[in-house]
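The values are calculated or read from the model by the stated rules, or taken from the named source; none is laboratory data. The model shown is predicted, which means the values in this text are computed figures rather than measured ones. Every residue, glycine among them, receives a Cβ derived from its backbone with ideal geometry; neighbour counts consider all protein chains shown.
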Amino acid sequence: MKMNSGYIAECGLLLALAVIAAYVEMLIPVDLMLPGIKAGLANCVILFILYRMGPLQAMMISLLRTMIMAFAFTSPAVLIYSFSGALISIIIMTALSKSKAFSVYGVSMAGGVSHNITQLIAASYFMLSSGSSLSDLLTYYLPILIFSGIAAGIFNAIIADILIKRIPQKKDRIKEDKCTHI
Amino acid sequence: MKEEAGSLKRLPIKKADILLALILSVTGIFLLLIGRLNAGENSRLWVRGYQDGVPVFEYPADAQVRTTIHTPDKTGINVVVIDDNKVYVDSADCPGKDCVKRGIITRSGEEIICLPHRLVIRIEGGEGIDVMAD
Ligand SMILES: [Zn+2]
């Protein structure tokens, strides 16, 4: 990984984009009935980074984004949900993207569902202690989160697929840049 | 350029993607079905209304009821409808009408809150309690 200024600028730009996408998602009143749990529609930016820059950059930007969101717009109290969800989903998406069996659609769905299930697990202690039953968690919230994860995954894959096809690999882009600058 | 435009339209979906979507969907449907079967074995559900935390009405959730709840000072009303395990506030004269906008609740633990009228309507499981009827 080269730490030149262009690289750092690009990471910062993509982090800003990821935060904006998450902020826009926050404005959409998609109520999943659970406090602090989001469908993860902003994950398309992370998917694009995973495919175009690599897993390390995607993980870094994804985790930084959840922290910025928690401290700037939502609440540090929900950071445990979003952070664990982001961490597990990026690990699973990286693993699936390495295997050539899945396209960006499968990777995105797996990311969306694992994101939601991790958030449910993180929230389960609070939910169980405030009156929800375990069977409610497993037979009501879990299936809803699975279906919303699939839906969000497909949505993100459509966006990321377009981005990946329209914006070329980084090394090709740098060559183009150099040509135009000289 | 033409080739690029063609590849933009083609979806890259692979067999493994479809298999994954199927497995996840079947798991979700399976869990929902188990929930449905379990719900039948649960104890009876009640719809209870609390004004300032004091129980003001109680009906079995599977009843057919349309009742008007007056605030203690008789200045405001909430029309509560219970229709075969569906509970909602049909109309109210509170500012904002958040209780009406809340829509239908069906599950144990769910509640409709009318903050201006200090009224909470909740679906609860367990035994019936004695409510002072007026
Ligand atoms: Zn109201």
Check: Does segment B:103-111 include one or more residues that are within 10 Å of the ligand (Cβ to nearest atom) and either surrounded by 13 or more Cβ atoms within 10 Å (Cβ to Cβ) or within 19 Å of B:PRO55 (Cβ to Cβ) (or both)?
Finding: no
Next item on the list: List the number of the failed condition for A:VAL113; all other conditions in (1) more than 9 Å from every other protein chain (Cβ to nearest Cβ); (2) modelled with pLDDT of 80 or more hold.
Entry: (1)
Next item on the list: Looking only at segment B:47-85, count how many residues are under 22 Å from B:ASP98 (Cα atoms) and aromatic (Phe, Trp, Tyr).
Entry: 2
Notebook entry, point to check: For segment B:25-93, which strands (runs of 3 or more DSSP E) that fit wholly inside it have 2 or more residues that are within 18 Å of B:GLY125 (Cα to Cα) and in contact with a Gly (Cβ under 6 Å, 6 or more places away or on another chain)?
Noted result: B:54-60
Check: Among the residues of segment B:80-102, which ones are touching a Ser or Thr at 6+ places or on another chain (Cβ under 6 Å) and among the β-branched types (Val, Ile, Thr)?
Finding: B:VAL80
Item checked: Any hit, segment B:58-68, residues being free of Cβ contacts under 8 Å to residues at least 24 places away in the same chain, within 10 Å of the ligand (Cβ to nearest atom) and of a type outside the set (D, E, K, R) -> no
Next item on the list: Starting from residues that are crowded, with 17+ Cβ neighbours inside 10 Å and under 28 Å from B:LEU32 (Cβ atoms), keep the ones in segment B:81-98 and report whichever is nearest to the ligand (Cβ to nearest atom).
Entry: B:VAL89
